[in-house]
1. Restricting attention to segment 297-306, does a residue exist that is assigned to a loop (DSSP other than H, G, I, E, B), at pLDDT 85 or above and under 20 Å from G226 (Cα atoms)?
2. Could you tell me which of the residues A174, A207, A180 is modelled with pLDDT of 70 or more, closer than 25 Å to V67 by Cα, in contact with a Pro (Cβ under 8 Å, 6 or more places away or on another chain) and part of a helix (DSSP H, G or I)?
3. Looking at V292, V238, which is the one that is under 17 Å from the mean Cα position of the chain (by Cα), modelled with pLDDT under 90 and of a type outside the set (K, R)?
4. Pairs needed: first member in segment 228-242, among the aromatic types (F, W, Y); second member anywhere, at pLDDT below 95 and crowded, with 20+ Cβ neighbours inside 10 Å; C-beta distance under 8 Å; at least 6 residues apart or different chains.
5. Scan segment 254-275 and give yes if some residue there is under 17 Å from E68 (Cα atoms), in a helix (DSSP H, G or I) and of a type in the set (D, E, K, R), otherwise no.
6. Which one of the conditions (1) in a helix (DSSP H, G or I); (2) modelled with pLDDT under 90; (3) not small (G, A, S) does D58 fail to meet, given that it meets all the rest?
7. Counting only residues that are at pLDDT 80 or above, surrounded by 13 or more Cβ atoms within 10 Å (Cβ to Cβ) and either in contact with a Gly (Cβ under 6 Å, 6 or more places away or on another chain) or in a helix (DSSP H, G or I) (or both), how many does segment 213-229 have?
Amino acid sequence: MGFLGVAYQMAVVAIPVAVGYALRRLSVMDELLDERLVALILDMLLPCAVLSSLLSVDTLPSRGELVEVMVLMLVAMAVSWAVSALAARLLRVPAEEGGAYRFAMMFGNVGFIGFPVVSSILGEEAMLDAVIASIPGNVVMFTVGAAMFARASSGGEGKREGLARSLLTPTMIASVLTLACALAGFRSFGVVGDAAHVIGQASTPCALLVTGSSIARYDLAEMLRGARSYVTAACRLVAVPLACATVLRALGPAVPSKVVAVIALVCAMPVATNGVLYSMRSGQGIVPMTRVTFLSVVGSVASIPLVCALLGIC
């Protein structure tokens, strides 16, 4: 797929986002509907899409290949952490906002936006690699990412309980189950699997509509302020995926180019929405977290085709 092809796919993704934005402005969608749709997507549609990813490949990868994808994703997370730490230092980020900026640069929205984009650009067969890669990525986000916003006064027991709740989500459980089935060489759920595939297909349009509706909540004038927010969004959307792909390719020709493409795309996603939730819960960096999330969602429409072109994915 060439640059124009990727741009076309991102335009296809952007139009439902714009529709969601318009529906919110027209009061067809509102806060309550968004909350219910998010619950439906996270608790039912995405888990079904994850489970049905096994059906998208003709032959399952070997156990070694699956482990390799997870290890390479951990390498990419380490690179993301290094880029975020260096950029935060260069930007002279205030201590009370450091967690927000570092989180924004390090963690992308893999499940909500990443899976649909990866399957649109690289094909449905790439969905399984994205699902496997998301497992270590989610674990790091729910642990290291959450800790970036943790107050010093927080009790250890509360942190452990919060971590358990973060990990025991339907999407995370479905991802682990998918990994277990793939490791066991099992890829057919019969009629249940076909039904999950049908249900899971609704995750993409619903997620994109909700994304557009959530953007409509923001005051545009407020969201477009702050030079640090623009630099942070650029790091998330361009610098991090390019750095990760460069390091992975430097590991040698044994690293499959397909896996590098999947991980680079996963790392090119807009800021994970968990960051806003973490910042609101801790009371730290709410404004910059919201700004960067907004800018990254809007900017990803142009940045993802650019990253694909620079890395030769398209």
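The values are calculated or read from the model by the stated rules, or taken from the named source; none is laboratory data. Please read these numbers as outputs of a predicted model, since none were measured by experiment. When we count neighbours, we look across all protein chains shown, and the Cβ atoms used for this are built from the backbone with ideal geometry, even at glycine.
1. Of the residues in segment 297-306, the ones assigned to a loop (DSSP other than H, G, I, E, B) are none.
Scanning segment 297-306, I find no residue that is assigned to a loop (DSSP other than H, G, I, E, B), at pLDDT 85 or above and under 20 Å from G226 (Cα atoms), so the answer is no.
2. Working: A207 fails: closer than 25 Å to V67 by Cα; A180 fails: in contact with a Pro (Cβ under 8 Å, 6 or more places away or on another chain).
After applying the criteria, what remains is A174.
3. Details: V238 fails: modelled with pLDDT under 90.
Only one candidate qualifies: V292.
4. Here the result reads Y230/L295, each pair linking segment 228-242 to a residue that is at pLDDT below 95 and crowded, with 20+ Cβ neighbours inside 10 Å.
5. yes
6. Unmet condition: (1).
7. Qualifying residue count for the region: 3.
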